[in-house]
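Structure first, then comments.
The values are calculated or read from the model by the stated rules, or taken from the named source; none is laboratory data. Quantities reported herein were computed from a predicted structural model and do not represent experimental measurements. Note: ideal-geometry Cβ built from the backbone for every residue, glycine included; neighbour counts use all protein chains shown.
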Number of protein chains: 2
Amino acid sequence: MSKHIDDFRRAGHELVDWIADYFEDTRKYPVLPPIEPGGLARQLPRSGPGQGEPMDRILEDFYKLVVPAVTHWNHPRFMAYFPSSGSPPGVLGEMLSAALNTNAIVWKSSPANTELEGVTMGWLRQWLGLPEEFFGIIYDTASTGAVHAIAAAREMADPEARLKGGARGLVLYASDQAHSSVEKGAIAVGIGRENVRKIGSDAEFRLKPDLLRRAIESDLQAGLKPFCVVATVGTTSSASVDPVAETAAVAEKFGLWLHIDAAYAGPAAILPERRWILEGAERAHSFVLNPHKWLLTSADLSAFYTRRPDILRRAFTLVPEYLRTGQDAVATNLMDYSLAMGRRFRSLKLWFVLRYYGRDGVMEMLRRHIAFGQRLAGAVDADPRFERVAPVHFGLVCFRYKGTDEQNQKLLDTVNATGKTFLSHTVLNGRYVIRCAIGNFQTTQEDVDEIWALVRSSAP
Amino acid sequence: MSKHIDDFRRAGHELVDWIADYFEDTRKYPVLPPIEPGGLARQLPRSGPGQGEPMDRILEDFYKLVVPAVTHWNHPRFMAYFPSSGSPPGVLGEMLSAALNTNAIVWKSSPANTELEGVTMGWLRQWLGLPEEFFGIIYDTASTGAVHAIAAAREMADPEARLKGGARGLVLYASDQAHSSVEKGAIAVGIGRENVRKIGSDAEFRLKPDLLRRAIESDLQAGLKPFCVVATVGTTSSASVDPVAETAAVAEKFGLWLHIDAAYAGPAAILPERRWILEGAERAHSFVLNPHKWLLTSADLSAFYTRRPDILRRAFTLVPEYLRTGQDAVATNLMDYSLAMGRRFRSLKLWFVLRYYGRDGVMEMLRRHIAFGQRLAGAVDADPRFERVAPVHFGLVCFRYKGTDEQNQKLLDTVNATGKTFLSHTVLNGRYVIRCAIGNFQTTQEDVDEIWALVRSSAP
């Protein structure tokens, strides 16, 4: 019985060193792997092995086949999408979670999971300046958080839906810059894509509260039932920040559930100088931010808060006999607040990260990335061949070469083909835009400078 | 910059040894921790640290505070709920996933993730004898799989719902033994609890296809729209196996989506002598089993298959501009088939497990657990003070002391309070029943014998 434990011990030590070396030498890898679709799959057997294989052969294939097919999200020059700042102490937490393999379906099924989730979500809530009555729960992603928020909003507006099914006519509002998960969640929950209103945004890509108010009034006049508003703090395209307080005022006027999607930019509110981004957030019904984006934690870990846990619970609780426990009256059973019944011990890695870096270490990282972003913004502004297309409050800089969309697309492809960085794109005001999202825990000023030099030298 | 990497290296080696020791000595821990609600939380600070803390202090608190508050799912005498057979090689895969921290939103965002997911899901599909056209994708849990199945079923029956929202009147069918996630999924998607029909089961807790047919006919006559049937292979209470082929025939007759929930028992179909449990499964529209239950893989990893990926995709695809790539026409973008957009590199641990143990190793484990279950069933049958209440096809044995429900509940509490095992309960035919679910990778015959001796000596 103990061969697999011996093998684990030996391979575990080897992999700890491999991981430490990987963190030290990440820059030696191309950020984007130079492979075509099918490039890895065709090197692997089409059928699983009949007999078990030696651990060394598995590790060798990992090094030689898997790693070269990986896009290195932990590379200091990975600047695509939003950053992931997964850090070494978080990896330790994940090792332990996998080994313990506990599952907080109910409190009793692993008290440590439920309680550490409560404790770490409390710490984070305090750092963010959110009210103490906000109840915190960890989901996998902000998309999953959006589905839960929308379902809770439906529960508040149409409690009959739980029993009888959703009636048509509920309407949800978000800016035209909101993440696609809002629309996807609305489709899943049975709201329908037609009933998602994309409210226009201003020159800085922020939701316009007066347009929101008018859209709600118009739907009410048409006999529809507005039920939910989503405000975004750090939109995906440009990291714009919706005016939360004014949006909250409109939501309150009409009695709608307000969900705040701060998946990317939320952590910045830990900084006093960025606290303004969450002004009014205490009035939200639900709020999500992703420590697996910009808070040094590897995926997946999305922090969801609600000041109406009673409604979230009503939307999701169903207790089968085999999960009733003697502590149901006095303990939190997290399955009552979640579509997924099983849940990994995710809070353990967050606990490692928050303790290891502390609030000061987190603030230092956030400020460093924001400074890099602002310096890059300045460099873009100083180059007459380029234009910046959105304000820079965080680590994301959106810019374009002053030429055609095709020229910008070609520029992006040229830069990414070098393997020296991975930038992504979006469309803003109908134009193709290049995004540089700074946020890896190892990124330096030199990294950003060299990426910008590469962009400049690759332009027509 | 490198202090946290040095700390990782040192602590990583320490934790590899701790984990190996933990696997070797798990039996020294009480399965259920002797703590009350709040017992861990009150030992931890109410606020996160301002300054970062030394790694050693975090590890010390992990050992001294967290571990004693954990329910040991990886304990060889953990027999509650369904087993988790999380194994050492899977932990290695998780370490690497956390370190690489890659995310297969689209193929390009990490080709290795998407391709290894396809490869491992293909291997598993072959071992299970499912048709080659079944498309596989990894979700976190079978509950999440149920939501996706129900949403795809709705897309097939009522394609307007995506645009206009769900209309009332869709009806879903499952046995009265089906998992609560089916009902929860139906509520979330907007079907409504009233429109979930719980079809009666037979003396062995199997769905009765004639009752299913009659329920569908009755709903059709009432002007309702039957759209989905869920059959269960290994129900949560008793691990009963619904007659899949006959259920499929009814579903086909009325054109309904058939989802098979084989979360627990599915892996047993790898054994020729248990292949019968999936007879007819090739006719299902979707199918789910959890390698994190009985296939040596730590949570979370749920394998979802569908022979209608076109419909699943139609239900869930939404491609924002910032995620369009040059490979969209030729590569699989997994976000198109999922509510959650982000996805951890889960297939890596499955690849480690399937390769390390091989099909033979997996079969040996499954057979060992089934033999333990059958021997325990025989012991129950041989004791006149106890009765067995369900057939034993796998590692789950359901039994009761021939006395009152209260006596059985007290018996269970007495046994669990020893810390020597953790059994759970259910209600079958209106009576309180004790469940012993055998499935840990380190469980021995001696473990099972001692648990049974403990139960006998604790009975009135």
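Hey, any hits in the range A:55-66 for a residue that's more than 7 Å from every other protein chain (Cβ to nearest Cβ), at pLDDT 95 or above and either outside any helix (DSSP H, G or I) or over 29 Å from residue B:22 (Cα atoms) (or both)?
Yes, the range A:55-66 has at least one match.
For residue B:94, state whether it is charged (D, E, K, R), at the interface with chain A (Cβ under 7 Å from one of its Cβ atoms) and either farther than 30 Å from residue B:367 by Cβ or buried (at least 21 other Cβ atoms within 10 Å of the Cβ) (or both). Even if it seems obvious, please write down each step before you answer.
Numbers: charged (D, E, K, R): yes; at the interface with chain A (Cβ under 7 Å from one of its Cβ atoms): yes; either farther than 30 Å from residue B:367 by Cβ or buried (at least 21 other Cβ atoms within 10 Å of the Cβ) (or both): yes.
So residue B:94 fits the description; yes.
So which residues in the range A:400-414 are away from chain B (no Cβ under 12 Å) and not aliphatic (A, V, I, L, M), if there are any at all? Spell out how you get there, then give the answer.
Residues of the range A:400-414 that are away from chain B (no Cβ under 12 Å), as a first pass: A:400-404, A:406-408, A:411, A:414.
Hits for the range A:400-414 are A:400, A:401, A:402, A:403, A:404, A:406, A:407, A:408, A:414.
So which of B:433, B:448, B:455, B:397 ends up being crowded, with 22+ Cβ neighbours inside 10 Å, more than 14 Å from chain A (Cβ to nearest Cβ) and touching a Cys at 6+ places or on another chain (Cβ under 7 Å)?
Details: B:433 fails: more than 14 Å from chain A (Cβ to nearest Cβ); B:448 fails: touching a Cys at 6+ places or on another chain (Cβ under 7 Å); B:455 fails: touching a Cys at 6+ places or on another chain (Cβ under 7 Å).
Of the residues listed, the single one that is crowded, with 22+ Cβ neighbours inside 10 Å, more than 14 Å from chain A (Cβ to nearest Cβ) and touching a Cys at 6+ places or on another chain (Cβ under 7 Å) is B:397.
Does residue A:379 satisfy being facing chain B (nearest Cβ under 8 Å), surrounded by 18 or more Cβ atoms within 10 Å (Cβ to Cβ), of a type outside the set (Lys, Arg) and in a helix (DSSP H, G or I)? Spell out how you get there, then give the answer.
On the way: facing chain B (nearest Cβ under 8 Å): no; surrounded by 18 or more Cβ atoms within 10 Å (Cβ to Cβ): yes; of a type outside the set (Lys, Arg): yes; in a helix (DSSP H, G or I): yes.
Judged against the criteria, residue A:379 is not a match.
Kindly check whether there is at least one residue in the range A:10-24 that is touching a residue at least 40 places away in the same chain (Cβ under 8 Å) and farther than 25 Å from residue B:91 by Cβ.
Scanning the range A:10-24 turns up no residue that is touching a residue at least 40 places away in the same chain (Cβ under 8 Å) and farther than 25 Å from residue B:91 by Cβ.
Check every one of the helices (runs of 4 or more DSSP H) wholly within the range B:135-201 and list those with 1 or more residues that are within 8 Å of chain A (Cβ to nearest Cβ) and modelled with pLDDT of 95 or more.
Working: elements: B:142-157, B:161-164, B:180-189.
Per the criteria, B:142-157, B:180-189.
Kindly evaluate residue A:104 against the criterion of being modelled with pLDDT under 95, touching a Ser or Thr at 6+ places or on another chain (Cβ under 8 Å) and buried (at least 24 other Cβ atoms within 10 Å of the Cβ).
Values: modelled with pLDDT under 95: yes; touching a Ser or Thr at 6+ places or on another chain (Cβ under 8 Å): yes; buried (at least 24 other Cβ atoms within 10 Å of the Cβ): yes.
Spelling it out, residue A:104 is indeed modelled with pLDDT under 95, touching a Ser or Thr at 6+ places or on another chain (Cβ under 8 Å) and buried (at least 24 other Cβ atoms within 10 Å of the Cβ).
Looking only at the range B:99-118, decide whether some residue is more than 8 Å from chain A (Cβ to nearest Cβ) and part of a helix (DSSP H, G or I). Steps first, answer last, please.
Taking the range B:99-118 and keeping what is more than 8 Å from chain A (Cβ to nearest Cβ), we get B:104, B:106, B:114, B:117.
Imposing the further condition that a residue be part of a helix (DSSP H, G or I) reduces the set to B:114, B:117.
Yes.
Evaluate the following for residue B:345: is it part of a loop (DSSP other than H, G, I, E, B) and at pLDDT 95 or above? Let's see the steps before the verdict.
Numbers: part of a loop (DSSP other than H, G, I, E, B): yes; at pLDDT 95 or above: yes.
Answer is yes for this residue.
Just one of (1) in a loop (DSSP other than H, G, I, E, B); (2) among the small types (Gly, Ala, Ser); (3) farther than 30 Å from residue B:416 by Cα trips up residue A:326, so point out which.
Of the numbered conditions (1) in a loop (DSSP other than H, G, I, E, B); (2) among the small types (Gly, Ala, Ser); (3) farther than 30 Å from residue B:416 by Cα, the odd one out for residue A:326 is (3).
Report whether or not residue A:18 is crowded, with 17+ Cβ neighbours inside 10 Å and either within 25 Å of residue A:3 (Cα to Cα) or more than 7 Å from every other protein chain (Cβ to nearest Cβ) (or both).
Working: crowded, with 17+ Cβ neighbours inside 10 Å: yes; either within 25 Å of residue A:3 (Cα to Cα) or more than 7 Å from every other protein chain (Cβ to nearest Cβ) (or both): yes.
For residue A:18, the condition - crowded, with 17+ Cβ neighbours inside 10 Å and either within 25 Å of residue A:3 (Cα to Cα) or more than 7 Å from every other protein chain (Cβ to nearest Cβ) (or both) - is met.
Here's a check for you: in the range B:149-185, which residue that is β-branched (Val, Ile, Thr) and more than 12 Å from residue B:315 (Cα to Cα) is surrounded by the fewest Cβ atoms within 10 Å (Cβ to Cβ)?
B:171
Just one of B:446, B:387, B:364 is assigned to a helix (DSSP H, G or I), more than 21 Å from residue A:7 (Cβ to Cβ) and of a type in the set (D, E, K, R); which is it? Can you show your working first?
Values: B:387 fails: assigned to a helix (DSSP H, G or I); B:364 fails: more than 21 Å from residue A:7 (Cβ to Cβ).
The unique qualifying residue is B:446.
Condition first: of a type in the set (Gly, Ala, Ser) and either at pLDDT below 95 or surrounded by fewer than 24 Cβ atoms within 10 Å (Cβ to Cβ) (or both). Now tell me which residues in the range A:202-236 satisfy that.
First pass over the range A:202-236, keeping only residues of a type in the set (Gly, Ala, Ser): A:203, A:215, A:218, A:222-223, A:231, A:234.
Within the range A:202-236, A:203, A:215, A:218, A:222, A:223 meet the criteria.
State which residue is farthest from the chain's Cα centre (by Cα) when the search covers only the range B:21-45 and only residues that are among the charged types (D, E, K, R) and more than 7 Å from chain A (Cβ to nearest Cβ).
Within the range B:21-45, the subset among the charged types (D, E, K, R) is B:21, B:24-25, B:27-28, B:36, B:42.
So of that shortlist, the ones also more than 7 Å from chain A (Cβ to nearest Cβ) come out as B:21, B:25, B:27-28, B:36, B:42.
Numbers: B:21: 27, B:25: 26, B:27: 24, B:28: 27, B:36: 27, B:42: 32 Å.
Step by step, filter the range B:21-45, then rank; the result is B:42.
Report, by residue number, each residue of the range B:415-430 that is within 13 Å of chain A (Cβ to nearest Cβ) and of a type outside the set (A, V, I, L, M, F, W, C). Talk me through it step by step, then tell me what you get.
Step one: of the range B:415-430, the residues within 13 Å of chain A (Cβ to nearest Cβ) are B:416-417, B:422-430.
Hits for the range B:415-430 are B:416, B:424, B:425, B:426, B:429, B:430.
With the requirement that a residue be over 20 Å from the mean Cα position of the chain (by Cα), more than 8 Å from chain A (Cβ to nearest Cβ) and surrounded by 17 or more Cβ atoms within 10 Å (Cβ to Cβ), what does the range B:333-367 give you?
Within the range B:333-367, B:333, B:334, B:335, B:336 meet the criteria.
Check residue B:167 against each of (1) in contact (Cβ under 8 Å) with a residue 12 or more places away in the chain; (2) among the hydrophobic types (A, V, I, L, M, F, W, C); (3) more than 22 Å from residue B:338 (Cβ to Cβ) and name the one condition it does not meet.
Answer for residue B:167: the failing condition is (1).
Could you please let me know if residue B:76 is assigned to a loop (DSSP other than H, G, I, E, B) and at the interface with chain A (Cβ under 7 Å from one of its Cβ atoms)?
Details: assigned to a loop (DSSP other than H, G, I, E, B): yes; at the interface with chain A (Cβ under 7 Å from one of its Cβ atoms): no.
For residue B:76, the condition - assigned to a loop (DSSP other than H, G, I, E, B) and at the interface with chain A (Cβ under 7 Å from one of its Cβ atoms) - is not met.
With the condition kept exactly as written, say whether any residue in the range A:202-212 is part of a loop (DSSP other than H, G, I, E, B), within 20 Å of residue B:164 (Cα to Cα), among the hydrophobic types (A, V, I, L, M, F, W, C) and without any contact (Cβ under 8 Å) to a residue 12 or more places away in the chain.
First, pick out the residues of the range A:202-212 that are part of a loop (DSSP other than H, G, I, E, B): A:202-206, A:208.
Applying the additional criterion that residues be within 20 Å of residue B:164 (Cα to Cα) yields none.
Looking for residues that are part of a loop (DSSP other than H, G, I, E, B), within 20 Å of residue B:164 (Cα to Cα), among the hydrophobic types (A, V, I, L, M, F, W, C) and without any contact (Cβ under 8 Å) to a residue 12 or more places away in the chain, one finds none in the range A:202-212, hence no.
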